[in-house]
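The values are calculated or read from the model by the stated rules, or taken from the named source; none is laboratory data. Because the structure is predicted, anything quoted here is derived from the model rather than measured. Ideal geometry is used to build each Cβ from the backbone, glycine not excepted, and the neighbour counts take in all protein chains shown.
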Amino acid sequence: MTVLHATEAPSVFLSLFARVDRLEVGDVEKAFFVEWTVVRQLAMRRTLFVFPRDLLPAALGSASARTAAQERRALLKYVAASGITTDPDEWWTRTSELLLQHLAEGGPVTAAEVAGLDPRFEGRITVGTGRWTTEVPLGPRLLTLLGAEGRVVRAGNRGHWRQARPTWGVTEQVLGEPVTPLDSHDGYRELVRRWLATFGPGTEADIVWWLGATKTVVRRALAELDATQVSLDAGDVGWVLPDDVEPPADPDEEPWAALLPVLDPTTMGWKQRDFYLDPDDKAYLFDTNGNAGTTAWWNGRIVGCWVQDDDARVRVVLRPGRAEEIGPGGVAALDVESERLTDWLDGVVISSVYKSQQMKSATLP
């Protein structure tokens, strides 16, 4: 899937459950915090993703570097406006090195523990503008920027798997080696290549949106990859890798059902979604910023969402008319997925700040 969305901790596990047979929570946690084959990293569109280890250098040199630059400008502006320093650049150099020294000598800490490491991390800063102005602790913002820069990574989690309570450590200590970022040019090209391999064919608009970059960056990457133009059913121009130009054979398989979590990578893979989402359903299944709630899929199209009742049982909520559209076989297949997910969750209730209108309005028996 190239990357997994990790804005909400449960989505990582639920996205994997939908794709991996006999998934065990312990295996996922082992990959994160023992083997380090995957790493959470702030990157495209200032969003937290799970990257395979080999893709991390590309992200750090491109999308993460772009995010880090934005985070640095904002933080230095806020610390100056809050009266912490009159020389923000010197302050950041000194403060970041001091925090890295503490982490290197004392080991990983949570964001809440940063203030206890040194009085210079205890301050609060005023962020935002106008009616959105608020005060926040300084320590977590330091970790956010260091993380975007790739100098620290999430070293563990002190909460249940459905909760994000990460500890942070120095990158080379946690991963066992330093991570050398690719330069921006090469990094973006590799991210585009991976996207095309997973999501192609897709439009230029899809890639620009997913990557959180500019048309210039995407067009240069497409040219250097010798990406090939193809015609899409909707009449748009799509792009594929040069070795992926043959249309897929008609699949000789049974229709399939899937229940995907909030912000699943498939649901969020494209900006232009009409080929798998009825435009009339968008307002009910996505928020106004384009963030997807839970989704129920039948044979390549979204037909509704899923929710849990007070007993943690999973229930599918179809959009009006979709039951007739997918027929009894589709309804039955989604019910099987509901039971399978209910059994796997084993009483765990998943909460989300990205509830779609359909999720919020669902009435369960």
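Quick look at the values:
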item: One residue from ARG193, ARG162, ARG151, ARG141 being in contact with a helix residue (DSSP H, G or I) (Cβ under 8 Å, 6 or more places away or on another chain) and not assigned by TED's automatic domain parsing to the domain that holds THR86; result: ARG193
item: Residues of the stretch 170-196 classified as farther than 17 Å from MET44 by Cβ and in a helix (DSSP H, G or I), total; result: 5
item: Every pair of residues 6+ apart whose Cβ atoms lie under 8 Å, when the first sits in the stretch 269-290 and is on the phi > 0 side of the Ramachandran plot while the second is basic (Lys, Arg); result: GLY290/LYS271
item: Subset tally (residues that are surrounded by 13 or more Cβ atoms within 10 Å (Cβ to Cβ) and among the β-branched types (Val, Ile, Thr)) for the stretch 114-137; result: 5
item: Any hit, the stretch 223-230, residues being in contact with a Ser or Thr (Cβ under 8 Å, 6 or more places away or on another chain) and either at negative phi or assigned by TED's automatic domain parsing to the domain that holds ALA43 (or both); result: no
item: Criterion: under 20 Å from THR7 (Cα atoms) and in contact with a strand residue (DSSP E or B) (Cβ under 9 Å, 6 or more places away or on another chain) - qualifying residue of GLY202, GLY212, GLY169; result: GLY169
item: Residue satisfying all of: in the stretch 246-275; among the aliphatic types (A, V, I, L, M) and not in a strand (DSSP E or B); farthest from GLY212 (Cα to Cα) among these; result: ALA249
item: Qualifying residues in the stretch 317-352 (those that are aliphatic (A, V, I, L, M) and either within 13 Å of LEU14 (Cβ to Cβ) or not assigned by TED's automatic domain parsing to the domain that holds ASP264 (or both)) - the one nearest to the chain's Cα centre (by Cα); result: ILE350
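Results for (1) outside the structural domain of PRO166 (by TED's automatic domain parsing); (2) farther than 19 Å from GLN173 by Cα; (3) touching a helix residue (DSSP H, G or I) at 6+ places or on another chain (Cβ under 9 Å), shown as yes or no for each residue.
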site	(1), (2), (3)
PHE51	no, no, yes
LEU60	no, no, yes
GLN70	no, yes, yes
GLY83	no, yes, no
TRP92	no, yes, yes
LEU99	no, no, yes
PRO108	no, no, yes
